1. Looking only at the range 189-201, count how many residues are open to solvent by less than 40 Å² (accessible area, probe 1.4 Å) and assigned to a strand (DSSP E or B).
2. Could you identify the single residue in Val61, Val123, Val53, Val92 that is open to solvent by 30 Å² or more (accessible area, probe 1.4 Å) and either more than 24 Å from Trp142 (Cα to Cα) or modelled with pLDDT of 85 or more (or both)?
3. Among the listed residues Asp140, Asp170, identify the single one that is of a type in the set (D, E, K, R) and either in contact with an Asp or Glu (Cβ under 6 Å, 6 or more places away or on another chain) or surrounded by fewer than 14 Cβ atoms within 10 Å (Cβ to Cβ) (or both).
4. Test Glu110 against the stated conditions and say whether it is open to solvent by 40 Å² or more (accessible area, probe 1.4 Å), at pLDDT below 70 and in contact with an Asp or Glu (Cβ under 7 Å, 6 or more places away or on another chain).
5. Name the single residue that is nearest to Pro34 (Cα to Cα) among those in the range 175-188 being at pLDDT 95 or above and open to solvent by less than 20 Å² (accessible area, probe 1.4 Å).
6. Do the conditions hold for Asp70, that is, is it open to solvent by 30 Å² or more (accessible area, probe 1.4 Å), of a type in the set (D, E, K, R), at pLDDT 90 or above and on the phi < 0 side of the Ramachandran plot?
7. For Ala188, are the conditions met, namely being in contact with a helix residue (DSSP H, G or I) (Cβ under 6 Å, 6 or more places away or on another chain) and under 27 Å from Thr45 (Cβ atoms)?
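The values are calculated or read from the model by the stated rules, or taken from the named source; none is laboratory data. What you see is a predicted model, and the numbers here were worked out from it, not measured in a lab. A quick note on method: Cβ atoms are made from the backbone with ideal geometry, for glycine too, and the neighbour counts reach across all protein chains shown. Protein only, heavy atoms only, side chains kept; ligands, DNA and RNA dropped before computing areas. Shrake-Rupley method; radii C 1.70, N 1.55, O 1.52, S 1.80 Å.
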Amino acid sequence: METTSGAVAQAPAAEGGQQVSSARRTVDGYLQAPFSWYGLDEAFTGPRWLMQVGTSADGAVEHGSIGHGDEPSVKNEAGSTAEPKEKFAVVVTVAANPSRRSADGTGLLEATSVSSAAWLAGVGLLSFTWPGQMDHSLRDDWLDQQTETAWVLADDLEGADWSTLSLPVDGVPTPFHYRESEFGWVLAGSTREGVHVGAYGRGMSAYGLGFAMIKDISAYA
């Protein structure tokens, strides 16, 4: 990711709303990635679908998301005691890149980390939600504020807002940072394959999930 502010501006559009709908089912960007993609393992037998990839300033694919379960729409869930009808989990794969020069040599591309995966997952969850009794016209301001909060939380993975959860990645127990909110859950960790994995969801428990490398991403198209 080039800069925090650049990613903040792009993440909601990349993860939710009409822009994603028009970009779904396109596998080209995923095939350009120099890293392996991750999704839920074979224990999950429901629908799987492509979302969208994110690129750095020099055009390199740096992260992307794979959806599982019901395709979520933006919903007002806060304050509701009813179980949400949509049950989904989205897995975000982030390339593990060091800080480096951009291709044109004019800037420095920010290093990626587990915090990057946690932040992208947090913003992804927010993009499908807004709080109760809020007018649509105020949602952008709320989303900006919550996006900043998601970054602060992601930058402090050892803080009290996070707990540790062990989940299998390619069959190997792996520690994840995990937190819940009224909107759903978010988690993030790293794999042995040199990528960071984040995930977010609603209506599906994170405790029973497992992750695995996707052998053929083109099959998702």
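1. Of the residues in that region, 8 qualify.
2. Working: Val61 fails: open to solvent by 30 Å² or more (accessible area, probe 1.4 Å); Val123 fails: open to solvent by 30 Å² or more (accessible area, probe 1.4 Å); Val92 fails: open to solvent by 30 Å² or more (accessible area, probe 1.4 Å).
Selected residue: Val53, the only one of Val61, Val123, Val53, Val92 that is open to solvent by 30 Å² or more (accessible area, probe 1.4 Å) and either more than 24 Å from Trp142 (Cα to Cα) or modelled with pLDDT of 85 or more (or both).
3. On the way: Asp170 fails: either in contact with an Asp or Glu (Cβ under 6 Å, 6 or more places away or on another chain) or surrounded by fewer than 14 Cβ atoms within 10 Å (Cβ to Cβ) (or both).
Only one candidate passes the filter, namely Asp140.
4. Working: open to solvent by 40 Å² or more (accessible area, probe 1.4 Å): yes; at pLDDT below 70: yes; in contact with an Asp or Glu (Cβ under 7 Å, 6 or more places away or on another chain): yes.
Here the answer is yes, as Glu110 does meet what is asked.
5. Ala188
6. Details: open to solvent by 30 Å² or more (accessible area, probe 1.4 Å): yes; of a type in the set (D, E, K, R): yes; at pLDDT 90 or above: yes; on the phi < 0 side of the Ramachandran plot: yes.
When the stated conditions are applied, Asp70 passes them.
7. Numbers: in contact with a helix residue (DSSP H, G or I) (Cβ under 6 Å, 6 or more places away or on another chain): yes; under 27 Å from Thr45 (Cβ atoms): yes.
Against the criterion (in contact with a helix residue (DSSP H, G or I) (Cβ under 6 Å, 6 or more places away or on another chain) and under 27 Å from Thr45 (Cβ atoms)), Ala188 qualifies.
Rundown of residues vs (1) among the basic types (Lys, Arg); (2) touching a Lys or Arg at 6+ places or on another chain (Cβ under 7 Å), yes/no style:
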| position | (1), (2) |
| --- | --- |
| Leu143 | no, no |
| Ala150 | no, no |
| Leu165 | no, no |
| Pro168 | no, no |
| Arg192 | yes, no |
| His196 | no, no |
| Ser205 | no, no |
| Tyr220 | no, yes |
